[in-house]
Amino acid sequence: MLIRTDEKADIDTPTGKMRVHLFRPTKEGRFPAILLFSEIYQVTAPIERLAAMIAGQGYLVAVPEVYHEYEAAGCVLAYDKPGTDRGNELKYTKPVGQFDSDNVALIDWLRGHEACSGRFGAFGVCLGGHLAFRAALNPAIEATGCFYATDLHTGTLGGERHDGTLARAAEIKGEIMMVWGRHDPHVPYEGRRQIRDALEQAEVALEWHEVDGQHAFLRDGAPRFDAALFLQGMSWTNALFQRVFMAQP
C-alpha cells in the first residue's frame with residue numbers, strides 16, 4: 001500500500017504547540033489511528049521507517065514530538081552520548097501529567113482529521129513503550145504494542161519515585177502486547193516479572209513475548225538491530241492491530 005510521509009501538524013496542547021508527524025495511505029478513506037511513541041531521541045529516521053511500515057498496513061500513524069516543551073519543533077536528538085544524555089534528562093524532567101495531556105490533545109485532534117476513522121491504537125519503543133502503555137490507560141485506545149518499555153518497573157518516568165503507571169494497569173480496557181529482549185539491561189528479569197504480575201493481577205487482555213534480543217533490537221542500522229526479530233515483532237504488531245481493528249467497533 002502506498003503511503004504519504006510528508007504531513008506535519010503543530011497541534012495545541014495544554015503545555016504549548018506539539019509537532020506531530022503523520023503517515024497514512026495515499027488512497028482515499030478513513031483509517032484507524034495509531035499513536036506511535038518514539039525513543040528518547042524523538043522522530044529519528046528509524047522511527048519514521050517504523051511509522052511508515054505500520055501506515056502501509058492501512059493505518060493513520062501519528063508520531064508526536066514528546067519533548068515539545070523543551071526543544072524546538074523538528075528537533076531530533078543524535079544517537080550519541082550528548083543526544084542520549086539530553087533525551088534521558090528530559091524524560092525525567094517532563095512531568096508525567098504532561099505526557100498524558102499530550103495524548104488527550106492528540107486523540108482529540110485526530111478525531112477531526114479527514115483520514116481518521118475514530119478508532120485508536122498505540123505503539124511505542126523504549127521510552128515510547130512506556131508512553132504507549134500510559135496511552136492505553138485512555139479508554140479510546142483499543143490495542144497497544146509496547147516494545148522494551150523503560151521505567152515501568154522502576155516507576156520513575158518524569159523523575160518521580162512512583163509515576164503510578166503500573167498501579168493503574170486495571171484501567172486498560174483494550175488489548176496490550178508487551179515485547180522484551182531477554183538481554184536488555186534496562187529491564188532485567190525481575191523487572192519483567194514485576195510488570196507481568198501487575199498486568200496479570202489486573203486481568204488485562206495481554207499478549208506477552210520475550211525474545212533472545214537486546215534493548216532497541218527494532219532500531220535498524222544500529223549495532224543491536226536484529227532483522228529477524230524486527231520482522232517477527234512487526235508481524236505480531238500487524239496481527240494485533242488487524243485482529244482488533246478488523247472487528248466491528
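Residue by residue through segment 170-180, note down the ones that are assigned to a strand (DSSP E or B) and farther than 11 Å from residue 147 by Cβ. Those that are assigned to a strand (DSSP E or B) and farther than 11 Å from residue 147 by Cβ: 175, 176.
Residue-level check: of (1) more than 30 Å from residue 212 (Cβ to Cβ); (2) surrounded by fewer than 19 Cβ atoms within 10 Å (Cβ to Cβ), residue 45 misses just (1). Looking across segment 38-89, the residues that are small (Gly, Ala, Ser) and either modelled with pLDDT under 95 or assigned to a helix (DSSP H, G or I) (or both) come down to 45, 51, 52, 55, 83, 87. Restricting attention to segment 1-21, and to residues there that are of a type in the set (Lys, Arg) and under 19 Å from the mean Cα position of the chain (by Cα), which single residue is surrounded by the fewest Cβ atoms within 10 Å (Cβ to Cβ)? So the residue we want is 8. No other residue among 113, 183, 162, 153 is free of Cβ contacts under 8 Å to residues at least 24 places away in the same chain, not polar (S, T, N, Q) and not in a helix (DSSP H, G or I) apart from 162. Residues that are in contact with a strand residue (DSSP E or B) (Cβ under 7 Å, 6 or more places away or on another chain) and of a type in the set (Lys, Arg) within segment 164-218 comprise 182, 192, 196, listed in sequence order.
Of all positions in segment 99-111, none carries a residue that is in contact with a Lys or Arg (Cβ under 9 Å, 6 or more places away or on another chain), among the acidic types (Asp, Glu), under 18 Å from residue 150 (Cβ atoms) and buried (at least 20 other Cβ atoms within 10 Å of the Cβ). Kindly list the number of the only condition in (1) part of a loop (DSSP other than H, G, I, E, B); (2) crowded, with 18+ Cβ neighbours inside 10 Å; (3) of a type outside the set (D, E, K, R) that fails for residue 139. (2) is the only condition that residue 139 fails.
The values are calculated or read from the model by the stated rules, or taken from the named source; none is laboratory data. From a predicted model like this one, the values you see are computed outputs, not experimental measurements. All Cβ positions, even for glycine, are placed from backbone atoms using ideal geometry, and neighbour counts span all protein chains on display.
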